[in-house]
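The values are calculated or read from the model by the stated rules, or taken from the named source; none is laboratory data. Model, not experiment: these values are computed from the prediction. All Cβ positions, even for glycine, are placed from backbone atoms using ideal geometry, and neighbour counts span all protein chains on display.
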Amino acid sequence: MKTAQNESVPCGKMFVKISSSPCAGKSDAGRYTHILTHTRTNTPPAEAKEAFALFDKRGTGKIPSGQLGDLLRALGQNPTQAEVDSLRSSAPSELDYKTFLSILQRPDGFKPAGELDDFVRGFQVFDKDGSGVIGAGELRYVLTQLGEKMSDAEVDELLKGVPISSDGNINYRDFAAHILGA
């Protein structure tokens, strides 16, 4: 990759020390920045700053990189665990607000949560008789064993308030609407 000054920037790294950038000033020494340029998300900077402050439990102006996924999700983003792992692997162990904001405003953003019909089509794969329901046990298996696996505690939390019929089935359209808050 080339900078505006036609200088090489190493590819494969999501973060670089600002001091290694051709645009770095003395006050930037030792700080990290995301190497991509960013567009704005729908999250207002004030809301992002407030959420960041809530995660900054020590009041240092930094959060552990291990909290990145939780903070992004708290702001309505939908990163996959693989995206979070990739971002964390190339980030410093602690992120300041400016670095976090650059992640939040990355140009490709994060995949949207999906539309109701997308979820319904996904559940239809498991609906062998076309009844519009999936067994609660089968749903738990799918969520804990396939794709980005959830813990049993996460599934329990997800299923709170979801009606389960007397024969142990869940209407998956209603379940998807519940997840999406629709």
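Only helices (runs of 4 or more DSSP H) wholly contained in the range 103-160 count here; list those with 2 or more residues that are within 30 Å of residue 65 (Cβ to Cβ), under 20 Å from the mean Cα position of the chain (by Cα) and not aromatic (Phe, Trp, Tyr). Can you show your working first?
On the way: elements: 116-124, 136-145, 152-159.
Answer list for the range 103-160: 136-145, 152-159.
Taking residue 172 as meeting all but one of (1) without any contact (Cβ under 8 Å) to a residue 40 or more places away in the chain; (2) touching a strand residue (DSSP E or B) at 6+ places or on another chain (Cβ under 6 Å); (3) within 26 Å of residue 81 (Cβ to Cβ), write down the number of the exception.
All conditions are met except number (1).
Inside the range 59-96, can you point out the residues that are in contact with a strand residue (DSSP E or B) (Cβ under 8 Å, 6 or more places away or on another chain) and in a helix (DSSP H, G or I)?
Selection gives 65, 68, 71.
Within the range 132-151, take every residue that is without any contact (Cβ under 8 Å) to a residue 24 or more places away in the chain and of a type outside the set (A, V, I, L, M) and give me the one that is farthest from residue 164 (Cα to Cα). Talk me through it step by step, then tell me what you get.
So in the range 132-151, the residues without any contact (Cβ under 8 Å) to a residue 24 or more places away in the chain come out as 138, 140-147, 149-151.
Checking which are of a type outside the set (A, V, I, L, M) leaves us with 138, 140-141, 144-145, 147, 149, 151.
Numbers: 138: 13, 140: 13, 141: 16, 144: 18, 145: 21, 147: 23, 149: 22, 151: 20 Å.
Only one residue fits best here, namely 147.
I'd like the residue in the range 104-147 that is of a type in the set (Asp, Glu) and modelled with pLDDT of 90 or more and, out of all such residues, is surrounded by the fewest Cβ atoms within 10 Å (Cβ to Cβ). Working first, answer last.
Step one: list which residues in the range 104-147 are of a type in the set (Asp, Glu), which gives 108, 115, 117-118, 127, 129, 138.
Next cut, modelled with pLDDT of 90 or more only: 127, 129, 138.
On the way: 127: 14, 129: 6, 138: 15.
Per the criteria, the residue is 129.
Conditions: (1) exposed (fewer than 14 other Cβ atoms within 10 Å of the Cβ); (2) in contact (Cβ under 8 Å) with a residue 12 or more places away in the chain; (3) closer than 30 Å to residue 62 by Cα. Residue 161 meets all but one. Number of the miss?
(3)
With the condition kept exactly as written, say whether any residue in the range 74-94 is farther than 17 Å from residue 147 by Cβ, modelled with pLDDT of 90 or more and touching a Lys or Arg at 6+ places or on another chain (Cβ under 8 Å).
Yes, that holds for at least one residue.
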